[in-house]
Amino acid sequence: MIAYLQGKHKGLPLQGGYTMRHDLFIAGFGGQGVLLAGNLISYAAILEGKNVSFFPSYGVEKRGGAAMCTVIIAEGETGSPVIGNPSFAIFLNQASLDKYGDKVKPGGVCIVNSSLVSTDGFSRDDIEMILVPMNEIAMQLGDARMVNMVAAGAYAARSGAMALSALGEALVEVLPERNHKFIPANLKAMEAGADLARP
Amino acid sequence: MTKRLFVKGNEAVAMAAIEAGCRYYFGYPITPQSDIPEYMSAELPRLGGEFIQAESEIAAVNMLLGASATGVRAMTSSSGPGISLKQEGISYMAGSELPGVIVDIARSGPGLGGIDASQADYFQAVKGGGHGGYHIIVLAPASVQEMYDLTMLAFDLADIYRMPAMILSDSVIGQMKEALIPNRRPEAELPSKEWAVRGKGEGDQRIVKSLYLGDGELEAHNWKLHNRYCELKEKECRWEAFRTEDADLLVTAFGSCARIAKTAIMLAREEGLKVGLLRPVTLFPFPAAAYEELTSRCKKILDIELNAGQMIEDVRLSVSPDTEVFFYGRPPGTGSLPTPEELLEQIRKHY
């Protein structure tokens, strides 16, 4: 018999119970950086000492196809890595809003990439819509591929799940060394997103 | 505090195997577990170990058998179709009393099925998937940290009880990323492997085999294995009891499903429903005594699985008399992963 991990396990202590728990659903098409944004937000929360579950949609993935991930941030246990009705959602393309917009929890928040997404046919008055022209912002700052950074900055600012500076620190950890020269531009993209989403 | 890493469940398994002293890995790629061989292929050569991408899963499991017979720590990993192919080798390892770790990041079946999360290989894992009436140790992690800690435990238990140990997980736990504290290998008192073959040289001849033809020989061998399974049931059961103290309804689930159920339980608690979770960590040995004890007070238990009902048979055999056992499950496939909200409805229904 070995002593460790013996018998009855206790779960992690539930500090604050269910109160400090952020859940976020991000969707777009492959190539928009959905997974990198999720990774970055997760890593930032870990740097701030929180627990995180990052769950990518796992299927037959390809560039241009649908890409999704869920991020759960909690002081105690993160619980389910999947969520049916997210309280926060980031929609980077039209298809994701059309498919998942109705699932957002009443009282929840949608951050929408208004460069590519029209909200004309979308009528819900029980959620907050934050429209951020992410492609335009990213292009003005030099590279359309920074759409996900604008989105991450907007999320941090509106949700308060983490400090914007933690996202910046996470960038250093998540990006490979060879891409560190792009960090200043990415930080600007995050700040631009944050400026448009602050409550 | 050690710096927390941010890694996938599959990577945590590979990291833990290396920390546990495993230097030999044999496998064949299959989704959703290929991160494990990828990691091992990068790390093992520079540690003086050996990574072999075998020509098939059958070859890989027999390489595991061979390596284990020499006394080293070794591992293989696969998913559904590959684990089926490995059953012959696992049966031979069980018969030959060889340790070794087999990781099953289960996918949906039967046949080629799909790559989504599944718990439909519960029977195959815990009831002895090959021929001959054996068991293996089966551990069911529910987090990235447990993927790490239970992999190290699997190596120790396998060595102590001289039998294969399996990590049974799926693409939810294997593919998700969480914070990980890369714990050091725990202290454990391990028996010396005086049975290991070591080539022609000094000393007595040692034979590793599963063939016993003498009168009464095989029966005695099987009773010895049986007694070892009984010892495991007595000493090595592990489970998590969460908010069970005052529960009027127990939910039971393992692995990924237990994670989803836990959030459903928290939502139920917010509504004032007294619900708790009993999560088996060891699927073999099954923590029957924990079920018996908890259901001696709480007479309703809801079993939730990512299949059409497998573990429920062990639950029914373990609960105290007059316990009502309910079931909710969905056979695996794209889009079949239940949400916490969906499980909350089931909790309300049976509360």
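A few notes on this one:
- Within 10 Å of each Cβ in A:44-51, the average number of Cβ atoms from other chains: 3
- Mean Cβ neighbour count within 10 Å, used as a protection proxy, ranking B:82-93, B:316-327, A:137-148, B:182-193 highest first: B:82-93, A:137-148, B:316-327, B:182-193
- Cross-link partners for B:K233 among the aspartates and glutamates, with Cα-Cα distance under 15 Å and sequence neighbours closer than 8 places in the same chain left out: B:E292, B:D314.
- Here chain B is treated with +1 on each Lys and Arg Cβ and -1 on each Asp and Glu Cβ, and its dipole about the Cα centre works out to around 440 debye.
- Dipole in debye (nearest 20) - segment A:21-197, about Cα centre, beta carbon charges: Lys, Arg +1; Asp, Glu -1: 380
- Taking every residue in A:71-84 and counting other chain Cβ atoms within 10 Å of its Cβ, the average works out to 6.
- Using θ = phi - 60° in the Karplus curve 6.51 cos²θ - 1.76 cosθ + 1.60, the 3J(HN,Hα) couplings for segment B:84-101 round to 4, 4, 6, 4, 4, x, 5, 4, 5, 5, 4, x, 8, 6, 9, x, x, 10 Hz; x is entered for Gly and Pro.
- Each Lys or Arg adds one and each Asp or Glu subtracts one; over the other residues with Cβ under 14 Å from the Cβ of B:F327, this totals -1.
- Span from the segment B:180-224 Cα centroid across to the segment B:287-325 one, whole angstrom: 35
- Working ranking of peptides B:117-126, A:168-177 by packing, defined as the average number of other Cβ atoms within 10 Å per residue, highest first, is B:117-126, A:168-177.
- Among B:V315, B:V101, B:V138: highest mean-square fluctuation, GNM of chain B, C-alpha pairs under 10 Å: B:V315
- Taking the Kirkwood radius as Rh and the Cα radius of gyration as Rg, segment B:239-350 has a ratio of Rg/Rh equal to 0.93.
- Here's the list of lysines a cross-link from B:K235 could span, going by alpha-carbon distance under 22 Å and ignoring same-chain residues fewer than 8 apart: A:K8, A:K10, B:K127, B:K193, B:K224.
- Counting only residues at least eight positions apart within a chain, or on another chain, the lysines with an alpha carbon under 26 Å from that of A:K188 are A:K50.
- Average Cα contact separation per residue, segment A:21-197, under 8 Å, 6 or more apart, as relative contact order %: 23
- The Rg/Rh ratio for segment A:21-197, using Cα coordinates for both the radius of gyration and the Kirkwood hydrodynamic radius, is 0.93.
Here, each number is a calculation from the coordinates, and none is a lab measurement. This one's a predicted model, so the numbers in the text were calculated from it and none came from an experiment. Using ideal geometry, Cβ is built from the backbone for each residue, glycine included, and neighbour counts are taken over all protein chains shown.
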